[in-house]
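The values are calculated or read from the model by the stated rules, or taken from the named source; none is laboratory data. Everything numeric here is computed off the predicted structure, so don't read it as measured data. All Cβ positions, glycine included, derive from the backbone under ideal geometry; neighbour counts span all protein chains shown. Remember, those area values only see protein heavy atoms, side chains included, never the ligands or the DNA or RNA. Shrake-Rupley method; radii C 1.70, N 1.55, O 1.52, S 1.80 Å.
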Amino acid sequence: QVQLVESGGGAVQAGGSLRLSCAASGRTLSSSAMGWFRQPPGKEREFVAAIAWNGGIKNYADPVKGRFTISRDNAKNTVYLQMNSLKSEDTAVYFCAAGRGYYTAQNAESYDLWGQGTQVTVSS
């Protein structure tokens with residue numbers, strides 16, 4: 001079964017940090033761009049960060065620049081999202097996604113495999 005499984009979410013106070021992981025099974029991620037998206041309560045899903053197949057290109061949404069870092073370990077078939085200096089507005093369900101191609105994209109349509117999501121709650 002091909003799937004992505006996120007982990008590492010939880011509850012944290014503002015200013016704290018979390019590290020999300022996304023592990024793949026049934027599909028090799030080394031030839032795919034990977035992305036992280038989030039869906040805040042009552043809002044639509046939005047782009048957070050993306051990384052090219054070899055880690056050479058990374059893109060971030062403006063609200064998380066300088067605070068979040070996306071990385072990948074192709075040998076482990078895993079992608080990470082390090083989140084520092086968390087704010088209450090970062091509260092959301094976070095999803096990882098595998099891209100259709102090698103390079104980064106910010107639109108959800110460019111991704112063809114999604115995880116089930118992990119909840120991140122930041123209290124102020």
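Residue check: Ser124 meets all listed conditions (1) over 30 Å from Gln1 (Cα atoms); (2) at pLDDT 95 or above; (3) surrounded by fewer than 19 Cβ atoms within 10 Å (Cβ to Cβ) but one, namely (2).
Within the range 43-54, the set of residues being part of a strand (DSSP E or B) and farther than 18 Å from Gln116 by Cα comprises Ile51 only.
Any idea which residue in the range 43-63 is farthest from Leu20 (Cα to Cα), counting only those that are open to solvent by 40 Å² or more (accessible area, probe 1.4 Å) and of a type in the set (Phe, Trp, Tyr)? The extreme case among them is Trp53. In the range 101-121, the residue that is nearest to Gly8 (Cα to Cα) out of those that are in a loop (DSSP other than H, G, I, E, B), modelled with pLDDT of 95 or more and open to solvent by 20 Å² or more (accessible area, probe 1.4 Å) is Gln116.
Residues that are assigned to a loop (DSSP other than H, G, I, E, B), open to solvent by 60 Å² or more (accessible area, probe 1.4 Å) and without any contact (Cβ under 8 Å) to a residue 24 or more places away in the chain do occur in the range 64-80, at least one of them. Scanning the range 71-107 for residues that are hydroxyl-bearing (Ser, Thr, Tyr) and in contact with a strand residue (DSSP E or B) (Cβ under 8 Å, 6 or more places away or on another chain) yields Ser71, Thr78, Tyr80, Ser88, Thr91, Tyr94, Thr104.
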